[in-house]
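The values are calculated or read from the model by the stated rules, or taken from the named source; none is laboratory data. Just so we're clear, the structure is a prediction, and the values are computed from it rather than from any experiment. Ideal geometry is used to build each Cβ from the backbone, glycine not excepted, and the neighbour counts take in all protein chains shown. For accessibility, only protein heavy atoms count, side chains too; no ligands or nucleic acids. Shrake-Rupley method; radii C 1.70, N 1.55, O 1.52, S 1.80 Å.
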Amino acid sequence: MTLLTWFRSAVFNLYFYAWTALSALVLSPALVMPRNLGMLAARFWVGGVNLGLRLICGITVEVKGRERLANGPVLIAAKHQSAWDTIALLSICGMPAVVLKRELTWIPLYGWYILVMRMIPIDRSAGAKALKDMVRRAKAAAAGGRSVLIFPQGTRVAVGTKAPYQPGVAALYAQLGLPCVPVALNSGLVWPRRAFRRPPGRITVEFLPPIPPGLRRDPFMTSLEAQVEAASDALAAVAKAGPPA
């Protein structure tokens, strides 16, 4: 990591936490207002994060295939490489109900926004009960016209590292009866998991062709993993190669 990258990373990390704290405080009235206002507050915060990435770190964002998100609710199954994913995909995907770990709701202010926006926190230690509760909440969100976003691997996975796809996504696919839109990305290259550095580059998010509802579990899981992994690897390879000469 060069000295310039280190300096930019340090400035951005300070900016990120200051911007998050300021946004949470200034926008706190949204906590007691209709959920739509909470969504606007979240978009404002996400916009500030991406602006800081661009101006401070030289990191830009490109979104491909957004038109593959139907007008109605869908199940969105996204690759998860970075904390950026949980921040920015909210806005990019139109503020879906996100399946996330319950511990995030314990964070002051941030956790309150999660609850107000009716996300889907799950207790990962609760086993089958957690799965049933997740499906129940997801059905309620879809019935209200919202898409549902899940990270099928259940945790951030570094670029080039493989991790199994968990059964939660299969349960949602089977129970919701919605098309599943796979999402590939390469955010881990510029916002690595548990790392300080924020090297310049481009985050690319790509919405892949939807998987129609009705497949059996094994064909669905095989198709989902194959599409997301291949496309994410391709995005990482292009980013590492750099712009054409």
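Mind checking which of 125, 199, 148 is farthest towards the positive end of segment 107-245's charge dipole, using Cβ charges of +1 (Lys, Arg) and -1 (Asp, Glu) about the Cα centre?
Positive-most Cα among the choices belongs to 125.
Report the full-extension gain for the segment residue 136 to residue 174: residue separation times 0.36 nm, less the Cα-Cα distance, to one decimal in nm.
12.4 nm
In nm, what is the difference between 0.36 nm times the number of residues separating residue 54 and residue 118 and their Cα-Cα distance?
20.1 nm
In what sequence, highest mean first, do 117-130, 222-235 appear when ranked by Cβ atoms within 10 angstrom?
Ranked by mean Cβ neighbours within 10 Å, highest first: 222-235, 117-130.
Just the number: Rg to Rh for segment 205-245, Cα atoms, Kirkwood Rh, two decimals.
For segment 205-245, the value is 1.15.
So in the chain, what percent of DSSP beta bridges are antiparallel if you round to the nearest 5?
Antiparallel bridges make up about 20 percent of those DSSP assigns within the chain.
Work out how much length residue 18 to residue 102 would gain on full extension: take 0.36 nm times their residue separation and subtract the Cα-Cα distance, in nm to one decimal.
So the chain would gain 27.8 nm between residue 18 and residue 102.
Starting at the first residue of segment 45-60, write each ³J(HN,Hα) from the Karplus equation 6.51 cos²θ - 1.76 cosθ + 1.60 with θ = phi - 60°, in whole Hz, x for Gly and Pro.
5, 4, x, x, 5, 5, 5, x, 4, 6, 6, 8, 9, x, 9, 10
Ignoring everything except DSSP H segments at least 4 long, calculate the 222 nm mean residue ellipticity for the chain; use -39,500 (n - 2.57) per segment, divide by total residues, nearest 500.
Helix-only estimate at 222 nm: -15000 deg cm²/dmol.
Tell me the label-point distance for the pair residue 218, residue 6, using the 7 Å Cα-to-Cβ offset, in nm and rounded to one decimal.
Each label point lies 7 Å from its Cα, and together they span 5.3 nm.
So if the hydrodynamic radius of the chain is defined as the Kirkwood radius over C-alpha pairs, what does Stokes-Einstein give as its diffusion coefficient at 4 °C and 1.567 mPa s, in µm² per second?
Stokes-Einstein gives a translational diffusion coefficient of 70 µm²/s.
Which value, in Å² and to the nearest 10, is the accessible area of residue 19 when all protein chains are kept and the probe is 1.4 Å?
Per-residue accessible area (residue 19): approximately 50 Å².
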